[in-house]
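The values are calculated or read from the model by the stated rules, or taken from the named source; none is laboratory data. All figures in this text were calculated on a predicted structure; none of them were measured in a lab. Virtual Cβ from ideal backbone geometry, glycine too; neighbours counted across all protein chains shown. SASA here: full protein model, heavy atoms, side chains in, ligands and nucleic acids out. Shrake-Rupley method; radii C 1.70, N 1.55, O 1.52, S 1.80 Å.
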Amino acid sequence: MTLSVTRTTHGLVLGGGLAGMLTARVLRRHLDQVTVIERDELPEGPQHRKGLPQARHAHLLWSGGARLIESLLPGTTERLQAAGARRIGVYRDMVSLTAYGWQQRFPETQFLFAASRPLLDWTVRDLALADQTITVRSRTEAVALLGDATHVTGVTIRDLDQDTTTDLTADVVVDTTGRGSRLGKWLDALDVPAPQEDVVDSGITYATRVYRAPGRTADAFPMVSVHSDYRTREPGRFGLILPVENGQWIVTLSGTRGSEPPTDDAGFTTFAKELAHPLISELIGLATPLTPVQGSRSTANRRRYFERNTVWPDNLVALGDAVAGFNPVYGHGMSAAARSAAALDRALRRNLGKPELAATALRGISRAVDDPWNLATAQDIFYPNCRIQADDPRLEEELNNQERFTELVCTAGLSAAPVAAAVAGVSALAAPATSLQSPAVLGALRGGTAPAPDAPTLTDEEWARVNASADQD
């Protein structure tokens, strides 16, 4: 009698952030065990941690990404809303001054979740780790890849507290360690060439402060954003009020190179007044500051084209900011990670155990980040002193060619419902950029549109809530 023994399959995820937890969930669909390697001690709740410095700034989970996360981790959206996350209808619950003018508040066609980044991360992490076959090794970092240029067999990890190293074997290794990824260094040790890398750096910096929302606006107030017009070729200035859980507003101000927001209280207040419209300044003047101003500068659009390498280990994948990091003003990082996780899922379903697994996954991930990459860089390249380092000289030429059409569509979308719906779908990463050339959009462009609003679109009821709160306070 012959006994058949099936080997336990194992996946390794480097990085325990949102991208890492989505990746762990995807790997577990196809492998028996998954281990997540994380430098930080992950908090037991929606708390800040050292390894996620940008978590204090405003983050948006657009509907395109939210739907994908829900498909991977059912119950995510319900958990978020139960914890106080706000569901913002696009454009119903948005007061927005775009580069082209004030956006009319059409009925919802897309949505986004507004919540603190710790709550978003904790919700995803808690649901992912409910699967006992996914384990986390905290206070641990990867220091090298095991294997060679054609096949990685695992990773050498270091215990940060004990300062000891261990080799872990794996069938699939996925790097989700973010902008600070050391994958290039590890690949060099295996004689794998560095990937092509493009950088579009507008020099944008961020300053964020958390406020207690005026009392009657705590549970019902739109998201408010003010953008400058990139077509002026002057440094950009942006402001955002994001209503989140616990009756709080996350207020993030940002500016491109030459117009950076200060991180002192007085400077923060002055910068808000000097935005293209003083609405945000007026509103935060009625709110109560709860935190100091926090700054951040790690904001360049940076993309690594791993899929273009002619030499690559057949079971090594990168995902999230390790592949493409975006200017956070567009709020696409988490949704791009969800799209990439879905691409990895498809590649595993079709090619697990085959030599083409990594190549297929990396091509799918590259396609998943194309739209958010183009959306971010299409505006950033026009700000003064934007630094472009790209091996592909077509980058700036192609984006310049797109500018006129983008201007036509986005201007029409301010007051034409069919165009606004198409723009919302693209912005939410719920529809491809090609949908902007649909018959409905092109027909609206030919037919002309009504004038856009010429003032902030807060309703009388919303103003009354703010003013009543101010009187009570």
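Can you spot a residue in region 316-332 that is in contact with a strand residue (DSSP E or B) (Cβ under 7 Å, 6 or more places away or on another chain), open to solvent by less than 10 Å² (accessible area, probe 1.4 Å), in contact (Cβ under 8 Å) with a residue 60 or more places away in the chain and more than 22 Å from residue 69 (Cα to Cα)?
Scanning region 316-332, I find at least one residue that is in contact with a strand residue (DSSP E or B) (Cβ under 7 Å, 6 or more places away or on another chain), open to solvent by less than 10 Å² (accessible area, probe 1.4 Å), in contact (Cβ under 8 Å) with a residue 60 or more places away in the chain and more than 22 Å from residue 69 (Cα to Cα), so the answer is yes.
Would you be able to say whether some residue in region 244-266 is surrounded by 23 or more Cβ atoms within 10 Å (Cβ to Cβ), among the aromatic types (Phe, Trp, Tyr), within 24 Å of the chain's Cα centre (by Cα) and closer than 21 Å to residue 85 by Cα?
Yes.
Looking at 81, 47, 104, which one is open to solvent by 20 Å² or more (accessible area, probe 1.4 Å), of a type outside the set (A, V, I, L, M) and either over 22 Å from residue 242 (Cα atoms) or in a helix (DSSP H, G or I) (or both)? Don't jump to the end; show me each part of the working.
Values: 47 fails: either over 22 Å from residue 242 (Cα atoms) or in a helix (DSSP H, G or I) (or both); 104 fails: either over 22 Å from residue 242 (Cα atoms) or in a helix (DSSP H, G or I) (or both).
Criteria check complete, one pass: 81.
Output the residue which, of all residues in region 187-206 that are among the aliphatic types (A, V, I, L, M) and in contact with a helix residue (DSSP H, G or I) (Cβ under 6 Å, 6 or more places away or on another chain), is farthest from residue 252 (Cα to Cα).
As a first pass, look at region 187-206 and keep what is among the aliphatic types (A, V, I, L, M): 187, 189-190, 192, 194, 199-200, 204.
Of the ones still in play, those that are also in contact with a helix residue (DSSP H, G or I) (Cβ under 6 Å, 6 or more places away or on another chain) are 194, 200.
On the way: 194: 35, 200: 21 Å.
In this case the residue turns out to be 194.
Considering only region 424-442, state which residues are in contact with a Ser or Thr (Cβ under 8 Å, 6 or more places away or on another chain) and of a type in the set (Gly, Ala, Ser).
Hits for region 424-442 are 424, 425, 428, 430.
What pairs come up if the first residue lies in region 13-25 and is outside any helix (DSSP H, G or I), the second is at pLDDT below 95 and surrounded by fewer than 24 Cβ atoms within 10 Å (Cβ to Cβ), and their beta carbons are under 8 Å apart, counting only those six or more places apart or on different chains?
15/178; 16/40; 16/42; 17/51; 17/52; 17/178
List the pairs whose first member sits in region 380-394 and is under 14 Å from residue 197 (Cα atoms) and at pLDDT below 80, whose second member is open to solvent by 30 Å² or more (accessible area, probe 1.4 Å) and not hydrophobic (A, V, I, L, M, F, W, C), and whose Cβ atoms are under 8 Å apart, counting only residues at least 6 apart or on separate chains?
391/196; 391/197; 392/196
Among the residues of region 155-186, write down those that are under 19 Å from residue 348 (Cβ atoms), in contact with a helix residue (DSSP H, G or I) (Cβ under 7 Å, 6 or more places away or on another chain) and of a type in the set (D, E, K, R).
Taking region 155-186 first, the residues under 19 Å from residue 348 (Cβ atoms) are 155, 169-176.
Pick out the ones that are also in contact with a helix residue (DSSP H, G or I) (Cβ under 7 Å, 6 or more places away or on another chain) and you get 172, 174-176.
175 - this is the single residue of region 155-186 that is under 19 Å from residue 348 (Cβ atoms), in contact with a helix residue (DSSP H, G or I) (Cβ under 7 Å, 6 or more places away or on another chain) and of a type in the set (D, E, K, R).
Any chance you could count how many residues in region 6-27 are touching a helix residue (DSSP H, G or I) at 6+ places or on another chain (Cβ under 7 Å) and surrounded by fewer than 24 Cβ atoms within 10 Å (Cβ to Cβ)? Walk me through how you get there before you give the answer.
Here is the first cut: in region 6-27, the residues touching a helix residue (DSSP H, G or I) at 6+ places or on another chain (Cβ under 7 Å) are 11, 13, 15, 17-19, 21-26.
Filter once more, keeping what is surrounded by fewer than 24 Cβ atoms within 10 Å (Cβ to Cβ): 25.
Looking only at that region, the number is 1.
Might you let me know whether region 347-362 holds any residue that is closer than 26 Å to residue 380 by Cα and touching a residue at least 40 places away in the same chain (Cβ under 8 Å)? Step through it out loud before you land on a result.
Within region 347-362, the first condition is being closer than 26 Å to residue 380 by Cα, and the residues that meet it are 362.
In the following step, the residues that additionally are touching a residue at least 40 places away in the same chain (Cβ under 8 Å) were identified as 362.
Yes.
Can you pull out the residues in region 90-101 that are buried (at least 19 other Cβ atoms within 10 Å of the Cβ), over 20 Å from the mean Cα position of the chain (by Cα) and part of a strand (DSSP E or B)?
95, 97
Output the qualifying pairs, or none if there are none: Cβ atoms under 8 angstrom, residues six or more apart or on different chains, first residue in region 244-270 and under 16 Å from residue 210 (Cβ atoms) and assigned to a helix (DSSP H, G or I), second residue of a type in the set (A, V, I, L, M) and open to solvent by less than 10 Å² (accessible area, probe 1.4 Å).
Pairs that qualify, where the first residue is under 16 Å from residue 210 (Cβ atoms) and assigned to a helix (DSSP H, G or I) and the partner is of a type in the set (A, V, I, L, M) and open to solvent by less than 10 Å² (accessible area, probe 1.4 Å), are 268/207; 268/253.
Does residue 384 satisfy the condition of being out of contact with any helix residue (DSSP H, G or I) (no Cβ under 8 Å at 6 or more places or on another chain), open to solvent by less than 60 Å² (accessible area, probe 1.4 Å) and not acidic (Asp, Glu)? Steps first, please.
Working: out of contact with any helix residue (DSSP H, G or I) (no Cβ under 8 Å at 6 or more places or on another chain): yes; open to solvent by less than 60 Å² (accessible area, probe 1.4 Å): yes; not acidic (Asp, Glu): yes.
Against the criterion (out of contact with any helix residue (DSSP H, G or I) (no Cβ under 8 Å at 6 or more places or on another chain), open to solvent by less than 60 Å² (accessible area, probe 1.4 Å) and not acidic (Asp, Glu)), residue 384 qualifies.
Could you list, in sequence order, all residues of region 271-288 that are open to solvent by 10 Å² or more (accessible area, probe 1.4 Å) and either among the aromatic types (Phe, Trp, Tyr) or assigned to a helix (DSSP H, G or I) (or both)?
273, 281, 282, 284
Go through (1) in contact with a strand residue (DSSP E or B) (Cβ under 7 Å, 6 or more places away or on another chain); (2) modelled with pLDDT of 95 or more for residue 57 and report which single condition fails.
For residue 57, the failing item is (2).
Being open to solvent by 50 Å² or more (accessible area, probe 1.4 Å) and assigned to a strand (DSSP E or B) is the filter here; which residues of region 289-309 pass it?
Once the filter is applied, which keeps residues that are open to solvent by 50 Å² or more (accessible area, probe 1.4 Å) and assigned to a strand (DSSP E or B), region 289-309 yields 289, 294, 302.
Could you check region 121-235 for strands (runs of 3 or more DSSP E) lying wholly inside it with 2 or more residues that are over 28 Å from the mean Cα position of the chain (by Cα) and either surrounded by 22 or more Cβ atoms within 10 Å (Cβ to Cβ) or not polar (S, T, N, Q) (or both)? Quick ask: steps written out before the conclusion?
On the way: elements: 134-137, 140-147, 152-159, 164-169, 172-175, 196-201, 205-212, 223-227.
In region 121-235, 140-147, 152-159, 164-169 are the strands (runs of 3 or more DSSP E) which contain 2 or more residues that are over 28 Å from the mean Cα position of the chain (by Cα) and either surrounded by 22 or more Cβ atoms within 10 Å (Cβ to Cβ) or not polar (S, T, N, Q) (or both).
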